[in-house]
1. Given only helices, namely DSSP H runs of n ≥ 4 each adding -39500 (n - 2.57), what is the per-residue ellipticity at 222 nm of the chain, to the nearest 500 deg cm²/dmol?
2. Taking the Cα centre of segment 24-80 as origin, sum charge times position over the Cβ atoms of Lys and Arg (+1) and Asp and Glu (-1), and report the length of that vector in debye to the nearest 20.
3. Report which label in (i) 228; (ii) 94; (iii) 105 holds the value of volume of the Cα convex hull per residue in Å³ derived from the coordinates of this structure.
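No lab work stands behind these numbers, since they all come straight from the coordinates. A quick note: this is a predicted structure, and the numbers were derived from the prediction, not measured. Virtual Cβ from ideal backbone geometry, glycine too; neighbours counted across all protein chains shown.
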Amino acid sequence: MADIEDWLSRVGEALGVPAEEVLPEALRGELLDLTGVIAHNVVRLAVPLTSYLIGVAVGRGASPQEALRIVAGQLPEASAGN
């Protein structure tokens, strides 16, 4: 499936999570940027698992921005400035 919007909409609907409300463009960009750094400076396998942990943190009350900031703070020093 090539259309990311369709995919996110379908998955969000199936999970009862309105993707357009909980994953706005700005947040997508931040998440993609952070996961790109993780993939290149930690290990690719860490990306989906870290994304899951971010989602759980948000589900438990953290703001998405707070969760992203905390994870970014855990990156190895060499990549913290990226």
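1. Working: 6 runs with 61 residues, N = 82.
Theoretical 222 nm ellipticity from helices: -22000 deg cm²/dmol.
2. Values: 4 positive and 5 negative charges, 35 e Å.
It comes to approximately 160 debye.
3. Structure-derived value, by its label: (iii).
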